[in-house]
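Inspection log for the structure reproduced underneath, given as structure tokens.
The values are calculated or read from the model by the stated rules, or taken from the named source; none is laboratory data. Predicted, not measured: the structure shown is a model, and the values here were computed from it. Cβ placement follows ideal geometry from the backbone for every residue including glycine, while neighbour counts extend to all protein chains displayed. Protein only, heavy atoms only, side chains kept; ligands, DNA and RNA dropped before computing areas. Shrake-Rupley method; radii C 1.70, N 1.55, O 1.52, S 1.80 Å.
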Amino acid sequence: MKSFTYERVHTPAEAAAAAARMPGSKFLAGGTNLLDLMKLQIETPVHLIDIGKLELNKIEHTLTGGLRIGALLSNTDLAADLSVRRDYQILARALLAGASGQLRNKATTAGNLLQRTRCPYFYDTNQPCNKRVPGSGCAAITGFSRQLAVIGSSNACIATHPSDMAVAMMALDAVIETINPKGKVRLIPIADFYRLPGKTPHIETVLEKNELITSVVLPPPSGGMHFYHKVRDRSSYAFALVSVGAILHKDGSGQIAVGGVAAKPWRNKSIEKVVPLGAKAFTEKLFAKARPTQENAFKIQLVERALEGILKEGRS
Amino acid sequence: MKDSKKLILTRREMIVGTATAVTVSLGAGTIEKVESLTINSADIVPSATINFNVNGKAQQLNLDTRTTLLDSLREHLQLTGTKKGCDHGQCGACTVLVNGRRINSCLSLALQHEGDNIVTIEGLGTPDKLHPMQAAFVKHDGYQCGYCTPGQICSAVAVLQEIKAGIPSHVSEDLTLQPEFSNMEVRERMSGNICRCGAYSNIAEAMAEVNSHLS
Ligand SMILES: Cc1cc2nc3c(=O)[nH]c(=O)nc-3n(C[C@H](O)[C@H](O)[C@H](O)COP(=O)(O)OP(=O)(O)OC[C@H]3O[C@@H](n4cnc5c(N)ncnc54)[C@H](O)[C@@H]3O)c2cc1C
Ligand code: SF4
Ligand code: FES
Ligand code: FES
């Protein structure tokens with residue numbers, strides 16, 4: 001690990017201001033992703049701003065009947081919250097399908113959203129990787145790509161976003177609330193939050209430099225039946241090959257987001273009206289523009305089967 | 001090194017910027033060193049003081065900022081019961097309890113634990129007075145080589161508390177109900193602790209025994 005200076009901040013405004021004052025700094029939340037990457041010198045901040053003790057660790061009901069989830073709330077506490085378990089089961093299910101008990105105790109809402117890809121070449125500093133070293137090339141495109149993206153990828157990067165929680169947040173139309181060093185608050189719908197790789201795969205979200213996530217806001221409960229099906233190589237403590245988060249409504253419509261297939265949770269609201277036509281029709285439409293590799297083309301069929309299972313359960 | 005100048009500048013700013021901050025302690029010696037430094041950024045080793053409580057004892061340590069909680073326990077407090085397996089959050093050998101909750105101490109900086117209460121395997125029980133979970137591991141052969149065992153035991157103790165506290169898991173069927181102890185729950189909840197010797201089924205039996213005494 002490269003050496004760094006460290007400070008602890010006590011308010012969100014202080015955190016954003018500290019980041020503006022210290023070029024090359026990073027926010028440290030749980031640290032379960034950042035420290036891992038720093039040990040490998042994939043991330044090399046010169047200064048860490050520890051936001052772990054900010055009072056952004058609560059869940060509040062919003063005036064409109066939704067939930068405001070603090071950026072620093074642990075994944076365990078979010079999944080165990082009674083309102084979440086009753087009204088946003090898709091979110092609790094997605095969280096509980098991720099990582100391990102120990103990691104969920106430490107991982108935070110914002111850190112989970114911003115965790116970086118698990119592309120094996122991103123982790124191997126001997127390999128070219130445009131995400132890690134912009135302009136160096138992409139070892140994955142000609143390498144082992146079984147775990148990587150099938151849609152939304154570019155000639156510069158085919159990595160996926162590894163978060164389970166973000167898939168549920170996408171299906172729920174969550175809104176990300178931030179503050180910048182000038183104290184300006186911004187609301188970013190999750191559909192606009194992640195960027196596809198294009199030519200700049202190292203820029204992963206629309207967050208500005210030094211912008212701090214303060215909370216994630218959920219709209220009022222939409223009702224319906226909630227599902228999160230994660231398909232992986234072992235049945236616990238493993239990242240998804242694919243995952244399907246779905247909320248099915250009585251009228252046959254649904255809110256469906258898919259994980260493990262792209263640089264962001266994949267959702268296309270405009271085709272959700274074809275959900276009643278079945279998993280095959282929906283999956284075909286969702287992946288109409290897919291460009292899988294030979295090794296990962298199976299993921300599309302996996303999504304179809306996972307969705308098929310969900311629709312069956314929904315009907316019974 | 002073309003960015004050494006920038007680095008020095010930012011470190012100076014840092015020192016100026018935190019002169020009044022109580023949580024960061026950079027000695028005057030470090031400042032001089034920064035100013036006389038010309039090339040090698042590796043020479044600057046920022047350090048800071050941390051106060052926490054380990055196994056009931058208050059501790060104050062001055063540490064290189066990079067020190068993980070795991071290394072602070074093993075290398076600075078000589079509490080070598082907690083093990084380093086992977087150092088990347090993938091095995092659970094480093095599991096300790098922080099304010100009653102289990103975490104991977106390898107993926108946490110010691111500095112993140114100002115004021116925290118930490119319990120390691122040494123704090124759970126002693127050879128003369130074993131914690132019930134330690135006794136049950138011995139009785140049920142919950143280990144072979146023993147390397148993963150301190151992490152397994154800390155995790156196992158926390159799992160029983162998590163079930164009691166109503167925290168659901170991936171295999172809990174109805175999320176709105178209080179979860180109940182079962183073999184499936186144990187297998188899912190203990191998945192963050194890998195055992196190369198494959199003592200899993202015996203660990204589950206040890207946990208079942210301790211659980212039966214609890215309820
Ligand atoms: C072995 C292992 C298995 C895992 N398995 C899964 C899995 O199956 N599914 C899954 O979804 N995840 C999995 N994870 C990832 C885990 O969920 C993430 O590491 C965790 O959610 C990150 O949260 P954190 O608070 O620790 O983030 P940190 O590591 O502290 O931060 C991550 C990034 O977010 C930035 N950041 C944090 N908070 C803010 C904020 N408020 N505003 C702006 N920026 C911020 C940091 O600067 C950093 O760049 C796994 C991790 C490990 C190590
Ligand atoms: S797919 Fe993206 S993350 Fe993986 S090697 Fe290529 S550029 Fe890097
Ligand atoms: S040493 Fe911490 S999880 Fe392996
Ligand atoms: S007892 Fe040997 S690794 Fe678990």
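Could you tell me whether any residue of the stretch B:168-185 is part of a helix (DSSP H, G or I) and without any contact (Cβ under 8 Å) to a residue 12 or more places away in the chain? No, the stretch B:168-185 contains no residue that is part of a helix (DSSP H, G or I) and without any contact (Cβ under 8 Å) to a residue 12 or more places away in the chain.
Residue-wise test of (1) in contact with a Cys (Cβ under 8 Å, 6 or more places away or on another chain); (2) open to solvent by 10 Å² or more (accessible area, probe 1.4 Å); (3) away from ligand 1 (no atom under 16 Å from the Cβ).
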| position | (1), (2), (3) |
| --- | --- |
| B:PRO46 | no, no, yes |
| B:GLY56 | no, yes, yes |
| B:GLN60 | no, yes, yes |
| B:SER72 | no, no, yes |
| B:LYS84 | yes, yes, no |
| B:ASP87 | yes, yes, no |
| B:CYS94 | yes, no, no |
| B:ARG102 | yes, no, no |
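Out of the residues in the stretch A:29-56 that are of a type in the set (A, V, I, L, M, F, W, C) and facing chain B (nearest Cβ under 7 Å), which is nearest to ligand 2 (Cβ to nearest atom)? Going through the qualifying residues, I end up with A:LEU35. Can you tell me which residues in the stretch A:166-211 are in a loop (DSSP other than H, G, I, E, B), surrounded by fewer than 18 Cβ atoms within 10 Å (Cβ to Cβ) and of a type in the set (A, V, I, L, M, F, W, C)? If the condition is that a residue be in a loop (DSSP other than H, G, I, E, B), surrounded by fewer than 18 Cβ atoms within 10 Å (Cβ to Cβ) and of a type in the set (A, V, I, L, M, F, W, C), then A:LEU196, A:ILE203, A:VAL206 are the ones that fit. Checking A:GLY98, A:GLY135 one by one, the residue that is within 13 Å of ligand 1 (Cβ to nearest atom), over 18 Å from A:LEU148 (Cβ atoms), small (Gly, Ala, Ser) and part of a loop (DSSP other than H, G, I, E, B) is A:GLY98 and no other. What about A:SER163, is it of a type in the set (Ser, Thr, Tyr) and surrounded by fewer than 24 Cβ atoms within 10 Å (Cβ to Cβ)? For A:SER163, the condition - of a type in the set (Ser, Thr, Tyr) and surrounded by fewer than 24 Cβ atoms within 10 Å (Cβ to Cβ) - is not met. Considering only residues in the stretch A:62-86 that are within 14 Å of chain B (Cβ to nearest Cβ) and of a type outside the set (A, V, I, L, M, F, W, C), the one that is farthest from A:THR11 (Cα to Cα) turns out to be A:ARG86.
Selection of strands (runs of 3 or more DSSP E) fully inside the stretch B:65-152 by the criterion of at least 3 residues being out of contact with any Ser or Thr (no Cβ under 6 Å at 6 or more places or on another chain) and more than 27 Å from A:PRO45 (Cα to Cα) returns B:117-119. Just to be sure before I move on: is A:SER153 of a type outside the set (Lys, Arg), open to solvent by 10 Å² or more (accessible area, probe 1.4 Å), at negative phi and in contact (Cβ under 8 Å) with a residue 40 or more places away in the chain in the structure I sent? Taking the combined requirement at face value, the residue satisfies it.
Against the list (1) away from chain B (no Cβ under 14 Å); (2) farther than 21 Å from A:ILE310 by Cα; (3) within 16 Å of ligand 1 (Cβ to nearest atom); (4) at pLDDT 95 or above, the condition A:GLY259 fails is (2).
Across the stretch A:197-223, the qualifying residues are those that are hydrophobic (A, V, I, L, M, F, W, C) and away from ligand 1 (no atom under 12 Å from the Cβ), and the one among them that is farthest from A:LEU82 (Cα to Cα) is A:ILE203.
Scanning the stretch A:1-28 for residues that are more than 10 Å from chain B (Cβ to nearest Cβ) and open to solvent by less than 10 Å² (accessible area, probe 1.4 Å) yields A:ALA15, A:ALA16, A:ALA19.
Residue-by-condition table, conditions (1) open to solvent by 10 Å² or more (accessible area, probe 1.4 Å); (2) closer than 29 Å to B:ARG66 by Cβ:
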| site | (1), (2) |
| --- | --- |
| B:HIS113 | no, yes |
| B:VAL119 | yes, yes |
| B:GLY123 | yes, yes |
| B:LYS129 | yes, no |
| B:MET133 | no, no |
| B:ASP141 | yes, no |
| B:VAL159 | no, no |
| B:LYS164 | yes, no |
| B:ASP174 | yes, no |
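For the stretch B:184-215, which positions are away from chain A (no Cβ under 11 Å), away from ligand 4 (no atom under 16 Å from the Cβ) and open to solvent by 80 Å² or more (accessible area, probe 1.4 Å)? Once the filter is applied, which keeps residues that are away from chain A (no Cβ under 11 Å), away from ligand 4 (no atom under 16 Å from the Cβ) and open to solvent by 80 Å² or more (accessible area, probe 1.4 Å), the stretch B:184-215 yields B:HIS213, B:LEU214, B:SER215.
Mind checking which residues of the stretch B:186-215 are under 25 Å from the mean Cα position of the chain (by Cα) and assigned to a loop (DSSP other than H, G, I, E, B)? The answer is B:MET190, B:SER191, B:GLY192, B:ASN193, B:ILE194, B:CYS195, B:ARG196, B:CYS197, B:GLY198, B:ALA199. Return yes or no: is A:LYS58 charged (D, E, K, R) and either in contact (Cβ under 8 Å) with a residue 24 or more places away in the chain or in contact with a helix residue (DSSP H, G or I) (Cβ under 7 Å, 6 or more places away or on another chain) (or both)? Criteria not met by A:LYS58.
Taking the conditions (1) open to solvent by less than 20 Å² (accessible area, probe 1.4 Å); (2) part of a loop (DSSP other than H, G, I, E, B); (3) of a type in the set (A, V, I, L, M, F, W, C); (4) more than 23 Å from A:ASN155 (Cα to Cα) in turn, A:ILE310 satisfies each one other than (2).
Could you check how many residues of the stretch A:28-57 are within 16 Å of ligand 3 (Cβ to nearest atom) and over 17 Å from B:PRO46 (Cα atoms)? Final tally of qualifying residues: 8. Note on the stretch A:278-307: residues that are assigned to a loop (DSSP other than H, G, I, E, B) and open to solvent by 20 Å² or more (accessible area, probe 1.4 Å) amount to 9. Please specify each residue of the stretch B:106-161 satisfying the condition of being farther than 21 Å from B:GLU75 by Cβ, within 16 Å of ligand 3 (Cβ to nearest atom) and away from chain A (no Cβ under 14 Å). Passing the criteria: only B:CYS145. Can you work out which of the residues in the stretch A:101-129 that are open to solvent by 20 Å² or more (accessible area, probe 1.4 Å) and in a loop (DSSP other than H, G, I, E, B) is farthest from ligand 3 (Cβ to nearest atom)? In this case the residue turns out to be A:PRO128. Reported count of residues in the stretch A:12-34, each being part of a loop (DSSP other than H, G, I, E, B) and closer than 22 Å to A:LYS106 by Cβ, is 5.
Once the stretch A:44-71 is narrowed to residues that are under 19 Å from the mean Cα position of the chain (by Cα) and open to solvent by less than 20 Å² (accessible area, probe 1.4 Å), the residue that is nearest to ligand 1 (Cβ to nearest atom) is A:ALA71. Test A:LEU91 against the stated conditions and say whether it is under 21 Å from A:ALA263 (Cα atoms), within 16 Å of ligand 3 (Cβ to nearest atom) and in a helix (DSSP H, G or I). Answer is no for this residue.
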